[in-house]
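Please read the structure below before turning to the comments.
Just so you know, all these numbers are worked out from the coordinates, no wet-lab data involved. The shown structure was predicted, so the numbers you read here are calculated from the model rather than taken from an experiment. When we count neighbours, we look across all protein chains shown, and the Cβ atoms used for this are built from the backbone with ideal geometry, even at glycine.
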Amino acid sequence: MFWLINEKDVVTMRVPFPSISSTLAVQAHMYICLKSGNDKEFLKCQTFKPAHMVAHKPPYNYIKETPDISRNPFNYITTIDCDKAFCVSNVTVSPDLLARSRKNVSSELFTEIQGKIQSNSYLKEQLDSNSLAQINQKISV
């Protein structure tokens, strides 16, 4: 079974991008599941930092989301990066990685995200399944 999580779910994990020694691989972030099943897609979420919102630097397309338990599991104002999705195949993501306060984003927020990524071209970065599992104990190949 390769899909213990569903669309709209929010998981906390490390991502080996651009390499297994990069910041995303060392520090865990929250990711929203855009597509579940065997071929998964995730969008990165991180605490909003005004210093990151510089003209002509990514993220170009994003949603700034305020904490609201009726919409999201975030504890702080959060940037949802709509520039790229991280894709991975043939892995099992444990439900233990689901956000604690709320396991997913609301249908309303998910629709906003889908509109944002469909109205702008976003990249799909394919992750190596073995590297992802290597840095996340609760993800298996």
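Given Cβ point charges of +1 (Lys, Arg) and -1 (Asp, Glu) and nothing else, what value in debye, to the nearest 20, does the dipole of the range 16-141 about its Cα centre take?
180
Net charge in the neighbourhood of residue 14 (other residues with Cβ under 12 Å of its Cβ; Lys, Arg +1, Asp, Glu -1) is +2.
Largest mean-square fluctuation among 118, 126, 46, in a Gaussian network model of the chain whose springs join Cα atoms under 10 Å apart, belongs to 118.
With a threshold of 20 Å on the Cα-Cα distance, the over-threshold entries among 49/124; 103/124; 35/124; 44/124; 84/116; 57/116 are 49/124; 103/124. What number comes out for the charge environment of residue 29, summing +1 per Lys or Arg and -1 per Asp or Glu over other residues with Cβ under 9 Å away? Value of the local net charge: +2. With K and R counted +1 and D and E -1, the other residues having a Cβ less than 11 Å from that of residue 116 yield a net charge of -3.
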